[in-house]
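The values are calculated or read from the model by the stated rules, or taken from the named source; none is laboratory data. These numbers come from a predicted model, not from an experiment. Backbone-built Cβ (ideal geometry, glycine too); neighbour counts: all protein chains shown.
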Amino acid sequence: MTPKLFTGLTVAAVGSLLLAAFVHTQADSWSAGVASGAKLVPNLQKDMARLSTITMKQGKQAITLERKGEAWVVKDRGSYPVQAERVRALLLRLTEAELVDRKTRNPERFGLLELEDLDAKDAKSRLMTLGDDKGRPMAAFIVGKRSVEQFSAGRGGTYVRRPNEKETWLVNAEIDVNPAVNVWVDTSVFEAQIAQVKRVEIDLGTEKVVVERAEGKPANKDAYTLVGMPDTKKLKSDYTLEDLVNAFARVELEDVRRAGTPPAADKPPVTAIYEMQNGGRITMKVRSEGDARWASVEATGEGDAKAAADAINKRVTGWEFRLPGWKYDQMFKKQADLIDDKKA
């Protein structure tokens, strides 16, 4: 081998090494090796008896679940009860979650995993903090996007990062961090049996809409009439009144708060009364606060209707429920929303 050829090969080899190093540095590889299976929340199972609060934040939205004896409640919603099985499922995943794969340390790439700082513009990251019965933090971590079926069919993972750290990880569990109230509570405000509906009255303040069911007719599109509909008008469709009645069959909350906020003087509440054939009655008063619609509910009944009324009141008394906007629009119709002019 000539000196000239040897020198050329040496330069090429060094160049290749420098290029590889440059590429590796710029790429900041997403995977830097498999971890040893360290727990995401060490000792959580051992310290479970001390766990008192679970706080979740995303953007301006936040929620704290608090343990009360054997039950869990939404601390910042007047201690409204939480569905215990949802908390159990979350804690089981946190107990089992392991750091299985180290990811990027480049802050510029955190957003791709939804692990950016919470105060970053348009941040999708979420923060979970676990607190003990003395008010001390037990663990805190930022939760990012999920990696669907990362480990097997039906079993995915989640990207995480501890606050103020650059290290990011993939854990072997799907962790649900959602600060929306309706993710954690039983969303049902009340359910009514359509087959038992006798009459629906909607009082909008400026007008009343009353729908009645003909005696002995099954609950279908042919059973209902709009009281006081002018002879020159017709229903918009054969299903208009049936759809209105069905809108009250199941009412679900979007948010909840303790009752007691005084209504705005310039926005009196609207009212819907749902009457059943057995004499039971459900009254819902809804008031507007900006774009929000807050409902209070009361049920009454005697005889066979009393047990159903008591069950509803046990759940709703002392609370106001924020209705989804689309649900409010389904229920509180003006007469003009239901009828059209007859063709000449």
Item checked: Qualifying position, being more than 21 Å from VAL148 (Cβ to Cβ), in contact (Cβ under 8 Å) with a residue 60 or more places away in the chain and of a type in the set (D, E, K, R), among ASP101, ASP117, ASP76, ASP47 -> ASP47
Item checked: Extreme residue, farthest from VAL41 (Cα to Cα), among residues of region 121-166 that are of a type outside the set (A, V, I, L, M), in contact with a Pro (Cβ under 9 Å, 6 or more places away or on another chain) and surrounded by 22 or more Cβ atoms within 10 Å (Cβ to Cβ) -> ARG126
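Within region 160-207, considering only strands (runs of 3 or more DSSP E) that don't extend past its boundaries, which have at least 2 residues that are basic (Lys, Arg)?
Values: elements: 168-171, 188-191, 197-203.
Per the criteria, 197-203.
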Note to self: Here is a check on your reading of the model: is ARG257 within 28 Å of THR64 (Cβ to Cβ) and either assigned by TED's automatic domain parsing to the domain that holds ILE282 or outside any loop (DSSP other than H, G, I, E, B) (or both)?
What the structure shows: yes
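Only one residue in GLY78, GLY59, GLY69 is modelled with pLDDT of 75 or more and surrounded by 15 or more Cβ atoms within 10 Å (Cβ to Cβ). Which one?
Numbers: GLY59 fails: surrounded by 15 or more Cβ atoms within 10 Å (Cβ to Cβ); GLY69 fails: surrounded by 15 or more Cβ atoms within 10 Å (Cβ to Cβ).
None of the other options fit; the residue is GLY78.
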Check: If you go through region 135-189, how many residues are small (Gly, Ala, Ser), in contact with a helix residue (DSSP H, G or I) (Cβ under 6 Å, 6 or more places away or on another chain) and either at pLDDT 95 or above or closer than 30 Å to MET284 by Cβ (or both)?
Finding: 1
Checklist line | Sole residue being β-branched (Val, Ile, Thr), outside any helix (DSSP H, G or I) and either in the same structural domain as THR317 (by TED's automatic domain parsing) or over 36 Å from the mean Cα position of the chain (by Cα) (or both), chosen from VAL245, VAL210 | finding: VAL210
Notebook entry, point to check: In region 271-291, is there at least one residue being within 21 Å of the chain's Cα centre (by Cα), under 17 Å from ARG322 (Cβ atoms) and not in a strand (DSSP E or B)?
Noted result: yes
Checklist line | Residue list for region 167-217, restricted to those being of a type in the set (Gly, Ala, Ser) and surrounded by fewer than 18 Cβ atoms within 10 Å (Cβ to Cβ) | finding: ALA180, SER188, ALA195, GLY205, ALA214, GLY216
Next item on the list: Considering each residue of region 97-110, count those that are surrounded by 15 or more Cβ atoms within 10 Å (Cβ to Cβ) and either of a type in the set (Asp, Glu) or not assigned by TED's automatic domain parsing to the domain that holds ALA71 (or both), and give that number.
Entry: 2
Margin query: Regarding region 318-327, can at least one residue be identified that is more than 13 Å from LEU253 (Cβ to Cβ) and in contact with a helix residue (DSSP H, G or I) (Cβ under 6 Å, 6 or more places away or on another chain)?
Written below: no
